[in-house]
1. Pairs 140/175; 118/175; 110/181; 147/181; 116/186: which exceed 19 Å Cα-Cα?
2. Using only the Cα atoms of segment 95-192, build the gyration tensor, take square roots of its eigenvalues as a ≥ b ≥ c, and label the shape rounded, prolate or oblate: rounded if a/c is under 1.5, else prolate if a/b is larger than b/c, else oblate.
3. Could you please report the charge total around residue 99, scoring K, R as +1 and D, E as -1 over all other residues with beta-carbon less than 14 angstrom from its beta-carbon?
4. In debye to the nearest 20, how big a dipole does segment 66-195 give about its Cα centre with +1 on each Lys and Arg Cβ and -1 on each Asp and Glu Cβ?
Amino acid sequence: MLKIKNSLSVISILTIIFVFSLILATNAKAVQNQGMNQGQDTPTVGEQNQEQNQAEQGQINTEQHRGTVANFVQSLLQIANREGGIGEQVRIIAQQQNQSAGTTIQAMEKVQTRNKIKTFLMGTDYKNLGALRSETVQTKNRLEQLKRIMENVQNEGEKTELQSQIQTLEQEQVKIENFIKTQESKFSLFGWLVKLFNR
């Protein structure tokens, strides 16, 4: 009899938690849809604050990231075409970063579109966060290579442009690292168990 009461208590608590998480997920979705319906072409102060809030909450705009990396790659390819001795090295790094961006964006989208209830119960998508972390390390290595290459660039204009592109990509890396940290720190009921098996 005592076992049945304990089982019923556990089931009741789990049901309450499940219903509460559904309510939270529904409210979050409504707020997100309300923000999307206000669409304007030029970013206002409110939209900039929303982007900052998204970054703080571990969200990242994959389209903006894709555009930033595309500009980075295009600039590197232009530098590679103009610079003789280091051109091939820069071209290879640009191609590698372009491929890396595809993997990074795909992993971020999978993490962001993961079912909220599944995330609440089992934790975040540790597999794709691992892929993101791996791409981040590779990007850091490429940035270090570019910094070494930049020392050999003779043209000051090219050097300034290369330095600017490196800084832009470093800022994107910070956003991705914040995204990973925030996603990993999300509360879940059994996430610790899933994390234990993913090690």
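Computed from the coordinates by the stated procedures, all read-outs in this text should not be read as laboratory data. On a predicted model such as this, the values are computed, not experimentally measured, just so you know. Cβ: placed from backbone, ideal geometry, glycine included. Neighbour counts: every protein chain shown.
1. Working: 140/175 13 Å; 118/175 24 Å; 110/181 16 Å; 147/181 26 Å; 116/186 11 Å.
Beyond 19 Å between Cα atoms: 118/175; 147/181.
2. Numbers: a/c = 3.49, a/b = 3.12, b/c = 1.12.
Prolate.
3. On the way: positive: 66, 91, 142; negative: 135.
Residues close to residue 99 contribute a combined charge of +2.
4. Working: 18 positive and 14 negative charges, 159 e Å.
Result for segment 66-195 is approximately 760 debye, rounded to the nearest 20.
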